[in-house]
Amino acid sequence: TYISKEQALQEATHDLGTYKDGVKLIGRGEEMTLPSFETPTNTVSGAGILGEYEDPTPGYFNEQELPIPFRVMSKEAASLANMLKAHHLEIRGGVQGNTDDGDIEFTPIRVVVRGLTKKCEPGKLKAANSMETSVTLSIRYILIEVDGEPLIELNKIRGKYAVNGVDQLAALEAMC
């Protein structure tokens, strides 16, 4: 039986590129850590509850950061140091997987983020070494797509949170 692209065993990110306003950022480091989706919680305890538990608050998210590494301080890195303008980045790559026939297939992955500069680390100077420059964005919007399908979308400004294309706050929005 053939395993479709959606069912292929996904193994690794094969390659990736980062784009700012449609222009590829050259000299960017080879790895990016995407932000966590962590909600604030309230501790619930009291009569009738055996102990306590943490209750997440759907639709609210703690601060999300995206550190963007560069090999050296460059014009591209410096352009992200502008703290007055929201930066629009798109990270595109390919996820390598295998069908059960053993064929290798690539599935596109795309991450779109908008955010403001929170930190700029110019790095260090050492002969014959990378400077390890980095710029960190405070995320206002993030979309993660695989094979053109939206998996997670969070827009903190517009109040949207969707998982697999389903608005997680629709019931709440209908009440308000």
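Scanning the range 116-153 for residues that are in contact (Cβ under 8 Å) with a residue 12 or more places away in the chain and on the phi > 0 side of the Ramachandran plot yields GLY123, GLU132, ASP147, GLY148. Filtering the range 64-84 to residues that are in a loop (DSSP other than H, G, I, E, B) and either without any contact (Cβ under 8 Å) to a residue 12 or more places away in the chain or of a type in the set (Phe, Trp, Tyr) (or both) leaves only LEU84. Here LYS75, LYS24, LYS85 are screened, and the one residue that is over 20 Å from the mean Cα position of the chain (by Cα), of a type in the set (Lys, Arg) and open to solvent by 70 Å² or more (accessible area, probe 1.4 Å) is LYS75.
Residues of the range 113-145 that are surrounded by 17 or more Cβ atoms within 10 Å (Cβ to Cβ) and within 20 Å of GLY93 (Cβ to Cβ): VAL113, ARG114, GLY115, SER134, VAL135, LEU137, ILE139, TYR141, ILE142, LEU143, ILE144. Could you please find all residues in the range 51-63 being more than 14 Å from LYS119 (Cβ to Cβ) and in contact (Cβ under 8 Å) with a residue 40 or more places away in the chain? Correct list: PRO58, GLY59, PHE61. The set of residues from the range 18-49 being under 21 Å from SER79 (Cβ atoms) and not in a loop (DSSP other than H, G, I, E, B) comprises THR18, TYR19, LYS20, VAL23, LYS24, ARG28. Kindly evaluate ALA47 against the criterion of being surrounded by 14 or more Cβ atoms within 10 Å (Cβ to Cβ), free of Cβ contacts under 8 Å to residues at least 60 places away in the same chain, over 28 Å from LEU169 (Cα atoms) and not β-branched (Val, Ile, Thr). Here the answer is no, as ALA47 does not meet what is asked. Taking the range 139-157 as the range and being in contact with a Pro (Cβ under 8 Å, 6 or more places away or on another chain) and closer than 15 Å to ASN62 by Cα as the test, the residues that pass are ILE139, ILE142.
Looking at ILE49, ILE68, just one residue is under 17 Å from LEU143 (Cα atoms) and not acidic (Asp, Glu), and that residue is ILE68. Taking the criterion of being outside any strand (DSSP E or B) and open to solvent by 90 Å² or more (accessible area, probe 1.4 Å), the residues of the range 50-63 that qualify are LEU50, PRO58, TYR60, GLU63. Summed over the range 105-139, the residues that are in a loop (DSSP other than H, G, I, E, B) and polar (S, T, N, Q) give a count of 2. Picking from residues in the range 88-112 that are open to solvent by 80 Å² or more (accessible area, probe 1.4 Å) and under 15 Å from GLU145 (Cα atoms), the one that is modelled with the lowest pLDDT is PHE106. Among the residues of the range 146-176, those identified as under 29 Å from MET83 (Cβ atoms) and open to solvent by 60 Å² or more (accessible area, probe 1.4 Å) are LYS156, ILE157, ARG158, LYS160.
The values are calculated or read from the model by the stated rules, or taken from the named source; none is laboratory data. Predicted model, so just to flag it, every value in this text is computed and none were measured. For neighbour counting, all protein chains shown are included, and Cβ atoms are generated from backbone atoms with ideal geometry for every residue, glycine included. Only protein heavy atoms, including side chains, enter the accessible area calculation; ligands, DNA and RNA are left aside. Shrake-Rupley method; radii C 1.70, N 1.55, O 1.52, S 1.80 Å.
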